[in-house]
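The values are calculated or read from the model by the stated rules, or taken from the named source; none is laboratory data. Just so it is clear, the structure is predicted and the values come from calculations on it, not from any experiment. Glycine also receives a Cβ, built like all others from the backbone with ideal geometry; neighbour counts cover every protein chain displayed. Remember, those area values only see protein heavy atoms, side chains included, never the ligands or the DNA or RNA. Shrake-Rupley method; radii C 1.70, N 1.55, O 1.52, S 1.80 Å.
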Amino acid sequence: MQFKIGVFDSGVGGLSVVQAIQKALPELEIIYKDDAEHVPYGIRSIEEIHSFVKPIFRDFIDEGCKVIVIACNTVTTNLADKLRAEFHVPMVGMEPAIQPAAAASKTGVIAVCATPRTLSSKRYKWLKEQFAKGVKVLEPDCSDWTQMIENNRVDREKIAKIVDDICEAGADQIVLGCTHYHWIEQQIKDLTKGRAKVIQPEAPVIAQLKRVLKEL
Ligand code: DGL
């Protein structure tokens, strides 16, 4: 499949997704765009994020991208519907993997690590109502994780405390609901000391991308 696709995130989070796409679909031409000037998005208003993202998506289309991967949970959960209506190009989004986490949980407790704007989105609330009925969903404060990762200054102690707290509270599934956190996935896995499984949506997103490309 010799297509050109666009991949977007506010910052370095989406690069982890690019890596995964390149591994699975090496023949694709990938144009990656971020928004270094405005990252982090997760603490901004929806209107502000929309105004930043719109011209970037326009550029993807002008540059001939046949599909856009929104490698950002914050943009997907708040703006995917709007962007799909504005730009007539298939989009593959990324959102917190609540469904598999809730289905796999034996303790009935899961944790979702995501940005404040993702956690406050209607789509996230819908996902919880739809797929995590009767499951306790912990939402630890990860509001400064994007910046830590952008600046390559990960505070191990801080992350360790959060991971420990959620494991102690009984969570046996930890959802990485922000692509920036994929860069510290191994660290988080190590910190769980086998108490919880760490889930992120790269594999289903690639499967969805393959389906979309087949239909082009
Ligand atoms: N990587 C993004 C996400 O998946 C956004 C992080 C941010 O800019 O705050 O939500």
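Structure notes:
- Scanning region 21-42 for residues that are within 14 Å of the ligand (Cβ to nearest atom) and within 15 Å of the chain's Cα centre (by Cα) yields a count of 5.
- Evaluated against (1) open to solvent by less than 30 Å² (accessible area, probe 1.4 Å); (2) without any contact (Cβ under 8 Å) to a residue 60 or more places away in the chain; (3) closer than 21 Å to ILE98 by Cβ, TYR181 falls short on exactly one condition, (2).
- Elements of the type helices (runs of 4 or more DSSP H) sitting completely within region 1-96 and holding at least 3 residues that are open to solvent by less than 50 Å² (accessible area, probe 1.4 Å), within 15 Å of THR179 (Cβ to Cβ) and touching a residue at least 40 places away in the same chain (Cβ under 8 Å): these cover 13-24, 73-86.
- Cβ-Cβ contacts under 8 Å between residues 6 or more apart (or on different chains), taken from a first residue in region 141-155 that is closer than 15 Å to ILE43 by Cβ to a second residue that is among the hydrophobic types (A, V, I, L, M, F, W, C) and in a helix (DSSP H, G or I), are listed as ASP141/ILE162; CYS142/ILE162; TRP145/ILE159; TRP145/ILE184; ILE149/TRP183; ILE149/ILE184.
- Index of the failed condition, ALA101 passing every other in (1) in contact with a Ser or Thr (Cβ under 9 Å, 6 or more places away or on another chain); (2) among the small types (Gly, Ala, Ser); (3) buried (at least 16 other Cβ atoms within 10 Å of the Cβ): (1)
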